[in-house]
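The values are calculated or read from the model by the stated rules, or taken from the named source; none is laboratory data. Treat the numbers as computed from the prediction; the structure is a model and nothing was measured. When we count neighbours, we look across all protein chains shown, and the Cβ atoms used for this are built from the backbone with ideal geometry, even at glycine.
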Amino acid sequence: MEVVIVAGPVEVGAFAAGRIAEIVAAKPEAVLGVATGSSPLETYRALAARRDAGLDLSRVSAFALDEYVGIAHDHPESYHAVVDREVVQPLGLDAARVRVPNGLAADLDAAADDYEAQIAAAGGVDVQLLGIGGNGHIGFNEPTSSLASRTRVKTLAPATREANARFFDSLDQVPMHCLTQGLGTILDAKRALLVAQGASKAHAIAQIVEGPVSSMWPGSVLQLHRHATIVIDEAAASELT
Ligand code: F6R
């Protein structure tokens, strides 16, 4: 596991965008794994600036990590909408090459299997961008998730619903369930790039970097990945020994 510590959130985004840009420059039809939430926003901003400077992202494909169950795709906080607003539009991706799990499917288990099949058909993910929850989740693989898990329905932890309530009018509007890539799915990506900023992530970062591999800190599974990079600012690094 490679750990890169930079000064602040803007530098985290700049570094991560640089890594992704290198991969796309070498393979213009690269498959990106994209995360939602606040952590990757600086990375997307920095990638948009690189696009303005000539980086062509129009041939990449993208797979989102997760989606809420039961939320309309045109709800502004559905990950369908977030990925379109924060990723597809500013980066100039081809929307036809972008996939988000279908949390509205009548058969969610079938939708999960279909998502795995779509990732495989695309040749797998070249670089998976990740954030991390304060409880150590990656994707929405909450503590106790199987380290070998595949895309499936998960119940959001109370702490995750509380953290994400900031995107909704009230806590009770935050969905209870999600469809998320599993930890095994994430491990299959050729490269993993986790970004974290701020002191609120410092404990989780210390656990996943220096603690044992454990389903209680799901991000620790990245210790098993051959090409995992953790890009953090000084505040998020503050509990590392
Ligand atoms: C979102 C996702 C989550 C978030 C995590 C951190 O697609 O998979 O793991 O990355 O909850 O969220 P923020 O960045 O909002 O603190």
Filter the range 107-129 for residues that are away from the ligand (no atom under 15 Å from the Cβ) and in a loop (DSSP other than H, G, I, E, B); the one that is surrounded by the most Cβ atoms within 10 Å (Cβ to Cβ) is Asp126
Filtering the range 5-53 down to residues that are over 19 Å from the mean Cα position of the chain (by Cα) and either closer than 25 Å to Tyr68 by Cβ or within 16 Å of the ligand (Cβ to nearest atom) (or both) yields Gly8
Given the conditions (1) within 22 Å of Thr229 (Cβ to Cβ); (2) within 14 Å of the ligand (Cβ to nearest atom); (3) among the hydrophobic types (A, V, I, L, M, F, W, C); (4) in a helix (DSSP H, G or I), every one holds for Ile132 apart from (4)
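If you check Thr144, Thr160, which single one turns out to be of a type in the set (Ser, Thr, Tyr), within 16 Å of the ligand (Cβ to nearest atom) and under 15 Å from the mean Cα position of the chain (by Cα)? So that I can check it myself, show each step before the final result.
On the way: Thr144 fails: under 15 Å from the mean Cα position of the chain (by Cα).
Just a single option satisfies the conditions, and that option is Thr160.
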(1) within 9 Å of the ligand (Cβ to nearest atom); (2) closer than 20 Å to Ser238 by Cβ; (3) in contact with a Leu (Cβ under 7 Å, 6 or more places away or on another chain) all hold for Ser200 apart from (3)
Answer yes or no: is there a residue in the range 205-223 that is more than 15 Å from the chain's Cα centre (by Cα), within 28 Å of Ala7 (Cβ to Cβ), modelled with pLDDT of 95 or more and assigned to a loop (DSSP other than H, G, I, E, B). yes
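Can you confirm whether the range 43-65 contains a residue that is closer than 27 Å to Arg150 by Cα, among the small types (Gly, Ala, Ser), touching a residue at least 12 places away in the same chain (Cβ under 8 Å) and out of contact with any helix residue (DSSP H, G or I) (no Cβ under 9 Å at 6 or more places or on another chain)? Steps first, please.
Filtering the range 43-65 for residues closer than 27 Å to Arg150 by Cα gives 43-44, 59-65.
The next check asks that each one be among the small types (Gly, Ala, Ser); those that pass are 61-62, 64.
Restricting the remaining residues to those that are touching a residue at least 12 places away in the same chain (Cβ under 8 Å) gives 61-62, 64.
Among the residues that remain, those that are also out of contact with any helix residue (DSSP H, G or I) (no Cβ under 9 Å at 6 or more places or on another chain) are: none.
Within the range 43-65 (the criterion being closer than 27 Å to Arg150 by Cα, among the small types (Gly, Ala, Ser), touching a residue at least 12 places away in the same chain (Cβ under 8 Å) and out of contact with any helix residue (DSSP H, G or I) (no Cβ under 9 Å at 6 or more places or on another chain)), the answer is no, since none of the residues qualifies.
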